[in-house]
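Asks: Okay, handing you the structure first.
Just so you know, all these numbers are worked out from the coordinates, no wet-lab data involved. Predicted, not measured: the structure shown is a model, and the values here were computed from it. Neighbour counts run over all protein chains shown; Cβ positions are idealised from the backbone, glycine included.
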Amino acid sequence: MAYLILVRHGESEWNLQNRFTGWVDVDLSARGVTEAEKAGEALKAYPIDICYTSVLKRAQRTLDIILAVLGKKDIPIIRDQALNERHYGDLQGLNKAETAQKYGDEQVRIWRRSYDVPPPGEDGESLKDTAARTIPYYEAHIAKEIQSGKNVLVSAHGNSLRSIVMQLDQLTKEQVLELNIPTGRPIVYEMDENLKILSKKEL
């Protein structure tokens, strides 16, 4: 039995400004720092052996704060672009409310929440595109750690984590539309050596 702990980074400066962030490397807001500290407090009862995060500072800083609260700064940390947030293409940097005024609420909702409709722009990724990099990485690295009995903490992003939760919880394309992962709130899966989910808690 082992734990898989998923944490979306604390509120970022662009979350606060209601902007599409994607791969833009913005830092945490003051509230985001507090959320990361609270996540660390919530995880004090859980052992952690190894950590994974993206190459973006908001996820890395969230992880650093959590580990500082836990007093576990010597835990191995693996950083990989596969865990980055989805790329929002031409929408990156735009205000979400202003974009909704221009394109309509429903179109923006589709870009943000749908499974296979990418935002505009050559680099724009749908959730399906994001899953095409996160799931193989999860299976090749994170799942193997869990199978070996290690407790894994993943600090990542709303959509990279949505793609993993969609896989773990076997959600349909319709169900994932309603899936939102809040900032700084750990999700804890208890799994056996065959990766069967024994329990799931949202802290």
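Asks: Compute the helix-to-body angle for 127-137: its Cα long axis versus the longest principal axis of the chain, expressed 0 to 90° and rounded to tens.
Replies: Approximately 20 degrees, to the nearest ten.
Asks: Non-local amide H neighbours of N151 (under 5 Å, H modeled in plane, Pro and chain starts lacking H): which ones?
Replies: The answer is Y3, D49, I50.
Asks: Would you look at the GNM of the chain, springs on alpha carbons closer than 10 Å, and say which of T99, T183, T34 moves the most?
Replies: Maximum fluctuation in the GNM of the chain, among the listed residues, is at T99.
Asks: Continuing with this model, one more query. Which trypsin sites (Lys or Arg not before Pro) in segment 45-79 sit in a loop by DSSP (not H, G, I, E or B) and have at most 10 other Cβ atoms within 10 Å of their own Cβ?
Replies: Qualifying residues, ordered by number: K73.
Asks: Cross-link list K96/K173; K150/K173; K44/K173; K57/K96; K73/K150; K150/K200: which exceed 28 angstrom alpha carbon to alpha carbon?
Replies: Violating the 28 Å limit, Cα to Cα: K150/K173; K44/K173.
Asks: Only loop residues by DSSP count here, and only those with at most 12 other Cβ atoms within 10 Å; note down the GluC sites (Glu not before Pro) in segment 104-155 that meet that.
Replies: On the way: sites: E106, E122, E125, E139, E145; in loops: E122, E125.
In loop regions of segment 104-155 (DSSP not H, G, I, E or B), the sparsely surrounded GluC sites (Glu not before Pro) are E122.
Asks: Something else now. Given the C-alpha centroids of segment 138-198 and segment 35-84, what is the distance between them in whole angstrom?
Replies: One Cα centre to the other: 15 Å.
Asks: Give me a comma-separated list of calculated 3J(HN,Hα) values for segment 3-19, in order, Karplus coefficients 6.51, -1.76, 1.60 applied at θ = phi - 60°, integers in Hz, x for any Gly or Pro.
Replies: Calculated HN-Hα couplings, in order: 9, 10, 10, 10, 10, 6, 3, x, 3, 8, 4, 7, 4, 4, 8, 6, 10 Hz.
Asks: Would segment 86-129 count as rounded, prolate or oblate if I go by the C-alpha gyration tensor, calling it rounded below 1.5 in a/c and otherwise prolate when a/b exceeds b/c, oblate otherwise? Don't skip to the end; give the middle numbers.
Replies: Numbers: a/c = 2.35, a/b = 1.36, b/c = 1.72.
Because a/c hits 1.5 or more and a/b fails to exceed b/c, segment 86-129 counts as oblate.
Asks: Using a Förster distance of 41 Å, how high is the FRET efficiency between E122 and D169, based on the Cβ-Cβ distance and rounded to 0.05? Walk me through the numbers before you get to the answer.
Replies: Working: r = 31 Å, r/R0 = 0.76.
Efficiency for this residue pair is about 0.85.
Asks: What relative contact order, as a whole-number percentage, does segment 2-202 give when Cα pairs under 8 Å and 6 or more residues apart are counted?
Replies: Values: 416 pairs, mean separation 65.0, N = 201.
Here the relative contact order equals 32 percent.
Asks: Which net charge results for the neighbourhood of T99, defined as the other residues with beta-carbon distances under 15 angstrom from its beta-carbon, given Lys and Arg at +1 and Asp and Glu at -1?
Replies: Numbers: positive: R19, K96, K102, R109, R112, R113; negative: D90, E98, D105, E106.
Within the 15 Å Cβ shell, the charges total +2.
Asks: With point charges of +1 on the Cβ of Lys and Arg and -1 on the Cβ of Asp and Glu, referenced to the Cα centre of the chain, which listed residue (A100, H9, N84) lies farthest in the positive direction of the dipole?
Replies: Among A100, H9, N84, the one farthest towards the positive end of the dipole of the chain is H9.
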